[in-house]
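Comments concern the structure below.
The values are calculated or read from the model by the stated rules, or taken from the named source; none is laboratory data. Please read all numbers here as calculations on a predicted model, not as lab measurements. Quick reminder, even Gly has a Cβ in these numbers, built from the backbone with ideal geometry, and neighbours come from all protein chains shown. Accessible surface is based on the protein model in full, side chains and every heavy atom, while ligands, DNA and RNA are left aside. Shrake-Rupley method; radii C 1.70, N 1.55, O 1.52, S 1.80 Å.
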Amino acid sequence: MPEGSPPKIEYACERCGGVAVTRDAWAEWHVPLQVWTLSEVFDFAFCHQCHRETRLVERGTN
Ligand SMILES: [Zn+2]
């Protein structure tokens with residue numbers, strides 16, 4: 001791994017291990033950039049493979 005590049009992580013569903021997971025968040029309109037930006041990310045996590053609420057596990061990608 002090249003120096004200065006931090007190891008990448010990913011978030012996975014604790015039940016199925018899939019990475020098709022999302023979090024609840026608030027998006028705020030950013031006028032200068034004309035894009036929606038995340039202002040707050042909440043603990044609620046949803047797995048789109050299990051189709052239900054889940055908890056996320058953080059893991060390295062290699
Ligand atoms: Zn799952």
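A few notes on this one:
- For the condition in contact with a Leu (Cβ under 7 Å, 6 or more places away or on another chain) and more than 16 Å from the ligand (Cβ to nearest atom), residue 25 qualifies.
- Residues of region 24-62 satisfying the condition of being open to solvent by 100 Å² or more (accessible area, probe 1.4 Å) and in a strand (DSSP E or B): 26, 28, 29, 36, 38, 43, 52, 53, 58
- Pair list, Cβ under 8 Å, 6 or more apart: region 39-62 residue near the ligand (Cβ under 10 Å from one of its atoms), other residue among the polar types (S, T, N, Q) and modelled with pLDDT of 95 or more: 45/22; 45/54; 46/22; 46/54; 47/54; 48/22
- Conditions (1) outside any strand (DSSP E or B); (2) within 16 Å of the ligand (Cβ to nearest atom); (3) among the charged types (D, E, K, R); number of the one not met by residue 3: (2)
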